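One structure is given here, and the rest of the page talks about it.
The values are calculated or read from the model by the stated rules, or taken from the named source; none is laboratory data. Computed from a predicted structure; not experimentally measured. Note: ideal-geometry Cβ built from the backbone for every residue, glycine included; neighbour counts use all protein chains shown.
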Amino acid sequence: MSLKGKHAFITGCGKRLGRSMAEELLKHGMDISAHYRNSQKEVHELQEWAQTNGLGQVLPIPADLRSSEAIKRAVEAATQNLGPVDLLINSASDFYPTPIGSVTTEIWDSLFELNLRAPFFLTQQIVKTMNPGANVIFISDTHATKPIAKYAPYCATKAALVSLSRSLAKELSPDIRVNSISPGTLLAQHGATQEETTRAAQRTLLGRIGCPNDLIQGLLFLIRSSYITGFDLVIDGGRGLL
Ligand SMILES: NC(=O)c1ccc[n+]([C@@H]2O[C@H](COP(=O)([O-])OP(=O)(O)OC[C@H]3O[C@@H](n4cnc5c(N)ncnc54)[C@H](OP(=O)(O)O)[C@@H]3O)[C@@H](O)[C@H]2O)c1
């Protein structure tokens, strides 16, 4: 399936994994609605890079996804400028420790609003614009099924995201395929020490952390696999088996 001229909407694509997915899809000729919250500079650099290299278009889309109004405006801007969305990747997320005893309702709501509520309402808004053959991908986490201590609300949001993906695969079939990807550590977390990264590598069967290209290979596989829907692709070097 050729991706050239197709339209992808990616959340959180100024930096890190979102950015890597955007760069890859631009190389395949896709036009990108490039959502960001704070990474305006990075998204404009992405736009310039795509222009300089004759790749697909980049439409910067600023939005705080905790706001329902902002989600609505983001979808309107994307579809008015680049037409119906062919691929939605829900990647933006928050990740920080929340040991039991420290969690306030504000922290709980904040994580659930961004990691779970926003992907649902963004998807609800975008699927109205999608044509048959379109795809939705939710980026979950191997910790959805193999939770880590001190991150209970985060792990719960990611587990719910896999459930949401499977529910929507049923509801949106046969026209739209819906899948999730559950990565293990592909990029060290902000501020992680070398010791923490080494420990993350040791907690895999393959003895190393992954890299953004591992996610990209899984993403391209799901986009191209026209008979796969409602699937959670775990890319974690065997972390989930330990
Ligand atoms: N990194 C890994 O190894 C790993 C492992 C397992 C799962 N994952 C999952 O993969 C996805 C990408 O991971 P990552 O490490 O690249 O992500 P990240 O750096 O933690 O965050 C991605 C983006 O989320 C955006 N964001 C934060 N708050 C927002 C808000 N209120 N509204 C809109 N956007 C907001 C930020 O955009 P701005 O920069 O524009 O503010 C940020 O760049 C996430 O869903 C994560 O849970 C990652």
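So in region 3-38, with the set limited to residues that are assigned to a loop (DSSP other than H, G, I, E, B) and more than 16 Å from the chain's Cα centre (by Cα), which one is nearest to the ligand (Cβ to nearest atom)? Residue satisfying both the conditions and the ranking: N38.
Counting the residues of region 205-242 that are on the phi > 0 side of the Ramachandran plot and within 18 Å of the chain's Cα centre (by Cα) gives 1.
Quick check: anything in region 145-158 more than 24 Å from A22 (Cα to Cα), of a type in the set (D, E, K, R) and more than 15 Å from the chain's Cα centre (by Cα)? Looking for residues that are more than 24 Å from A22 (Cα to Cα), of a type in the set (D, E, K, R) and more than 15 Å from the chain's Cα centre (by Cα), one finds at least one in region 145-158, hence yes. On the stretch given as region 151-160, residues that are within 9 Å of the ligand (Cβ to nearest atom) and surrounded by fewer than 24 Cβ atoms within 10 Å (Cβ to Cβ) total 1. Across region 91-140, the qualifying residues are those that are acidic (D, E) and either assigned to a loop (DSSP other than H, G, I, E, B) or surrounded by 16 or more Cβ atoms within 10 Å (Cβ to Cβ) (or both), and the one among them that is nearest to the ligand (Cβ to nearest atom) is D94. Kindly establish whether T79 is farther than 24 Å from P183 by Cα, at pLDDT below 95 and hydroxyl-bearing (S, T, Y). Considered against the rule, which asks whether it is farther than 24 Å from P183 by Cα, at pLDDT below 95 and hydroxyl-bearing (S, T, Y), T79 comes out as no.
Whether any residue in region 172-192 is more than 26 Å from A22 (Cα to Cα) and in a helix (DSSP H, G or I) is what I want to check. No: region 172-192 contains no residue that is more than 26 Å from A22 (Cα to Cα) and in a helix (DSSP H, G or I).
In region 39-82, how many are in a loop (DSSP other than H, G, I, E, B), surrounded by 13 or more Cβ atoms within 10 Å (Cβ to Cβ), away from the ligand (no atom under 13 Å from the Cβ) and not aliphatic (A, V, I, L, M)? Matching residues across region 39-82 total 2.
Would you mind stating whether R208 is farther than 19 Å from Q124 by Cβ, without any contact (Cβ under 8 Å) to a residue 12 or more places away in the chain and among the basic types (K, R)? Taking the combined requirement at face value, the residue does not satisfy it. Is it fair to say I148 is within 14 Å of the ligand (Cβ to nearest atom), aliphatic (A, V, I, L, M) and touching a Phe, Trp or Tyr at 6+ places or on another chain (Cβ under 9 Å)? It is true that I148 is within 14 Å of the ligand (Cβ to nearest atom), aliphatic (A, V, I, L, M) and touching a Phe, Trp or Tyr at 6+ places or on another chain (Cβ under 9 Å).
The set of residues in region 183-242 being within 10 Å of the ligand (Cβ to nearest atom), among the aliphatic types (A, V, I, L, M) and either closer than 14 Å to I139 by Cα or crowded, with 17+ Cβ neighbours inside 10 Å (or both) consists of L186, L187, A200, I209, L215, I235.
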